[in-house]
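Peer 1: Before anything else, here's the structure in question.
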Amino acid sequence: MRKFTYKKNTAVIRTLKEPKVKKKKWNIDRVIYFIILILLLFWLLKFIYNKTIWIEGNGQVLMEKVDVNFTNDIRVKEIFINEGDTVSVGKNLFNYFQNDFDSDASIVLKSLDKKERLNNNLQDILKDILKKRIQLKNLKKRLQLLEKQEEQVTKLILLDVYTKNKLEEVTSQKLLIKNQIDLLKNELYFLGAQKEMVKGNKESYQIGGNGSFGNTYTSPIKGVIGQILKNTEESCYKSENVMTIHNIEKVFIKAYFNLKDLAEVKKGSVVDVEFPDKTTSKGIINKLYISTYKAPSEFQKKYEPTERNILAEIVPLSKEQIPEWGKFYKLNLKVKIGKL
């Protein structure tokens, strides 16, 4: 039998180096997929946000304007202003004649009638001025008495004869009188301006040497001259406009909202306005029209039935916004009302 022997030599363990795993490079298709997915998700969230949080509508910036036209045919003699000029109330705009359309007798009678009406208006204004001055004088006397009374009450309060409530009562009366005085002064100022305007209109009516009667048309509002449609020595027939005057101090937006948002569109609601250049502003709903209206054609969807909309008037929150709104006259814009 063969003898078994155990070798006590050191064992040798062989190891193999593991191959290096190369990092996977970005797959361009996968990147594009994730970008598209993120954009779609962002658009969906924005769409849901706009539909659930905001009520959207369309609008146009408009200005109060006056179309200068006449019920009779006239002939423009001379125009004193140009398009884009700023005019004040009572400023002479143009002369016009009616000798080509009326008889000399009717022209003279109209002239006398107008002068008589102007004289009556002037007399009424002078009476109002006199009445207001008398009221102002009485209020000033009343204010002097209240000031003396206030000094006396103050002394008696120090002597514990009256309480502070008595002084507050006198002070409130004094403030009320001061407000009435300021109001009367403003009324007198406007009456004075009106008096000067009537005097100027009286002087503008003349009878020319050739028997033709000349009228001068004065601006009824403060504003900017828009389009001048007639030239010097050009006839203007009734139903035609000579020019337009825009009142730049009265800018507003006519906004159209969907009928389903009737419960949310309320007078006094604050509105976010987005102009065509992507600038934003805020306004307030000043008026809601009772009837529903058809929106302008640019707000209607093509090849679909015409829809009726809620019509609202939006005005700026402050006077400082008026020049900024006026830049976008007759341009379309977006308006939004927050539901929350």
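Peer 1: Would you mention how many residues in segment 128-159 are in a helix (DSSP H, G or I) and over 24 Å from Ile177 (Cβ atoms)? Working first, answer last.
Peer 2: Applying the first criterion (in a helix (DSSP H, G or I)) to segment 128-159 yields 128-158.
Next, from what is left, pick out any that are over 24 Å from Ile177 (Cβ atoms): 158.
Residues in segment 128-159 being in a helix (DSSP H, G or I) and over 24 Å from Ile177 (Cβ atoms): 1 in total.
Peer 1: Something else about it: Does any residue in segment 136-165 that is among the polar types (S, T, N, Q) come within less than 6 Å, Cβ to Cβ, of a residue that is surrounded by 11 or more Cβ atoms within 10 Å (Cβ to Cβ) six or more places away or on a different chain, and which pairs are these?
Peer 2: Gln149/Val170
Peer 1: Restricting the search to segment 267-319, which residues are part of a loop (DSSP other than H, G, I, E, B) and charged (D, E, K, R)? So that I can check it myself, show each step before the final result.
Peer 2: Keep residues of segment 267-319 that are part of a loop (DSSP other than H, G, I, E, B), which gives 267-269, 275-279, 295-296, 300-307, 317-318.
Across segment 267-319, the qualifying residues are Lys267, Asp277, Lys278, Lys301, Lys302, Glu304, Glu307.
Peer 1: For residues in segment 329-340 being in a loop (DSSP other than H, G, I, E, B) and closer than 17 Å to Val271 by Cα, which is farthest from the chain's Cα centre (by Cα)? Show your work before the answer.
Peer 2: Step one: of segment 329-340, the residues in a loop (DSSP other than H, G, I, E, B) are 330-331, 339-340.
From what's left, closer than 17 Å to Val271 by Cα: 339-340.
Numbers: Lys339: 24, Leu340: 25 Å.
Ranking the candidates gives Leu340 first.
Just so you know, all these numbers are worked out from the coordinates, no wet-lab data involved. Keep in mind the model is a prediction, meaning the values are calculated, not measured. Cβ sites come from the backbone with ideal geometry, for glycine too, and all protein chains shown count toward neighbours.
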